[in-house]
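Report on the following structure.
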Amino acid sequence: MLVKQGSSPELADIAQTGEKGLAKVLDVEPLGMAEYGKVQLQLTLAVTKPNGETFKVTV
């Protein structure tokens, strides 16, 4: 996953430990146009860790 901003400590922990998580998209918001006609999006996710803990993050 490529994230320029909005990274959370929970996501950093998952990335560092190599845990697998599941994410559910809660919201998608267009932020405007990027290069080559692509649209930049802001996503709000509900991420569930293998231990059942869930947290929200906006990326």
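The values are calculated or read from the model by the stated rules, or taken from the named source; none is laboratory data. What you are looking at is a predicted structure, and each value in this text was computed from that prediction instead of being measured. Cβ placement follows ideal geometry from the backbone for every residue including glycine, while neighbour counts extend to all protein chains displayed. Each accessible area value is taken on the protein alone, full model and side chains, heavy atoms only, with ligands, DNA and RNA left out. Shrake-Rupley method; radii C 1.70, N 1.55, O 1.52, S 1.80 Å.
Taking the criterion of being part of a loop (DSSP other than H, G, I, E, B), modelled with pLDDT of 80 or more, open to solvent by 100 Å² or more (accessible area, probe 1.4 Å) and of a type outside the set (F, W, Y), would at least one residue in region 31-45 satisfy it? Step through it out loud before you land on a result.
Taking region 31-45 as the starting set, the residues that turn out to be part of a loop (DSSP other than H, G, I, E, B) are 34, 38.
Okay, now just the ones that are also modelled with pLDDT of 80 or more, so 38.
Going one step further and asking which of them are open to solvent by 100 Å² or more (accessible area, probe 1.4 Å), we end up with 38.
Next cut, of a type outside the set (F, W, Y) only: 38.
Scanning region 31-45 turns up at least one residue that is part of a loop (DSSP other than H, G, I, E, B), modelled with pLDDT of 80 or more, open to solvent by 100 Å² or more (accessible area, probe 1.4 Å) and of a type outside the set (F, W, Y).
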> Limited to region 22-44, what total is found for residues that are touching an Asp or Glu at 6+ places or on another chain (Cβ under 9 Å) and within 16 Å of P9 (Cα to Cα)?
Replying inline: 1
>> Please count how many residues of region 11-30 are in a loop (DSSP other than H, G, I, E, B) and open to solvent by less than 70 Å² (accessible area, probe 1.4 Å).
In response: 3
> Under 8 Å by Cβ, and 6 or more places apart or on different chains, what pairs join a residue from region 19-40 that is among the small types (G, A, S) with one that is surrounded by 10 or more Cβ atoms within 10 Å (Cβ to Cβ) and not in a strand (DSSP E or B)?
Replying inline: G21/I14; G21/K49; G21/P50
>> I need the full set of residues from region 13-28 which are under 13 Å from the mean Cα position of the chain (by Cα) and either basic (K, R) or farther than 21 Å from T54 by Cβ (or both), in order please.
In response: K24
